[in-house]
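One structure is given below, encoded as structure tokens.
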Amino acid sequence: EAGVAQSPRYKIIEKRQSVAFWCNPISGHATLYWYQQILGQGPKLLIQFQNNGVVDDSQLPKDRFSAERLKGVDSTLKIQPAKLEDSAVYLCASSQGTIGTGELFFGEGSRLTVL
Amino acid sequence: AQSVTQLDSHVSVSEGTPVLLRCNYSSSYSPSLFWYVQHPNKGLQLLLKYTSAATLVKGINGFEAEFKKSETSFHLTKPSAHMSDAAEYFCVVTEGSNTGKLIFGQGTTLQVKP
């Protein structure tokens, strides 16, 4: 069974530039998540989709971050304009249930460095 | 609000000796608790989960955790460490009824010495 795919794995940009990350969840998984993991910290949920609807985006900095999940499958996370503090690993995860059981399947992450 | 505190940021053990990674939680609800492991440059993987069934939970690779409500703890143990256990370990609680929203601890780095 194919896992959660993310790209790019690494990205370096200057502050105020924009960046986009892509995620393809495990086939058939209804729920998709984007987590932000800053160095030395545990991951923090940015946004949770159920199919193509948003369940929770309370911790998404909406002035600069946006995410979409068209057709309830793939998802993109965009940052525009980037700030230095956005340097982190962006983790995509998916789960089978519509609400979730706590068992999430994570991708390997996209590491962003903002200079 | 739900939260977890991992009491050690770094644990070092010798191969073949027991592992203990400590976690305390705070929750207004009957919590669902998890341990996730993250190997370098790999995705997070679920080790085990507690969801109000048996208090002693067995996970993959010989790991166990015991839910102790009186102590609000969910410590992770393994009788004998293996070199391949070296990784970052996260104690996790879910937020209320949204069992997809994971609240992660700060993480514990496990070093295994030969």
Evaluated over the protein assembly as shown, the Cα radius of gyration and Dmax, each in Å: 17.6, 51
Excluding ligands, DNA and RNA, what is the solvent-accessible area per residue of the stretch A:5-114 at a probe of 1.4 Å, expressed in Å²? 47
Out of the total accessible area of the stretch B:46-114 (probe 1.4 Å, heavy atoms of protein only), what percent is carbon and sulfur? 53
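Can you tell me how much longer the chain between A:Gln41 and A:Ser18 gets when fully stretched, taken as 0.36 nm per residue apart minus their C-alpha distance, in nm with one decimal? Mind showing how you got there, number by number?
On the way: separation 23, 0.36 × 23 = 8.28 nm, distance 2.39 nm.
Value of the extension gain: 5.9 nm.
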So, for the Cα atoms of the stretch B:19-114, Rg and Dmax in Å stand at 13.0, 43
Amide H contacts of B:Leu48 (H built 1.01 Å from N, under 5 Å, at least 5 apart or other chain): B:Trp35
Whole-Å distance, taken between Cα centres, linking the stretch B:29-108 and the stretch A:1-56: 22
Collect residues whose amide H, placed 1.01 Å from N in the peptide plane, falls under 5 Å from the amide H of B:Ser32; neighbours closer than 5 in sequence don't count. B:Thr94
Net charge over other residues, Cβ less than 9 angstrom from the Cβ of A:Lys83 (K, R count +1; D, E count -1): +1
If you restrict to DSSP beta bridges whose two residues both lie in the stretch A:5-114, what percentage is antiparallel, to the nearest 5? 90
Suppose R0 equals 25 Å; then what is the FRET efficiency for B:Ser3 and A:Ala2 from their Cβ-Cβ distance, rounded to the nearest 0.05? 0.15
For chain A, the percent of accessible surface on carbon and sulfur atoms (probe 1.4 angstrom, ligands and nucleic acids excluded) is 50
Please check the stretch B:65-114 for residues whose accessible area, probe 1.4 Å, is lower by 40 Å² or more when all protein chains are in place than in their chain alone. B:Asn98, B:Thr99, B:Gly100, B:Lys101, B:Leu102, B:Phe104, B:Gln106
Chain A: D in µm²/s via Stokes-Einstein (Kirkwood Rh, Cα pairs, 37 °C, 0.692 mPa s)? 235
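Buried accessible area between A and B (1.4 Å probe, both chains summed, ligands and nucleic acids excluded), in Å² to the nearest 100? Working shown, then result.
Working: alone 6460 and 6200 Å², together 10980 Å².
Protein heavy atoms only, the A-B interface buries about 1700 Å².
The values are calculated or read from the model by the stated rules, or taken from the named source; none is laboratory data. Fair warning: this is a prediction, and the values are worked out from it, not measured in the lab. Positions of Cβ are backbone-derived with ideal geometry, glycine not excepted, and every protein chain shown enters the neighbour counts. Calculation scope for accessible area: heavy atoms of the full protein, side chains included, ligands and nucleic acids excluded. Shrake-Rupley method; radii C 1.70, N 1.55, O 1.52, S 1.80 Å.
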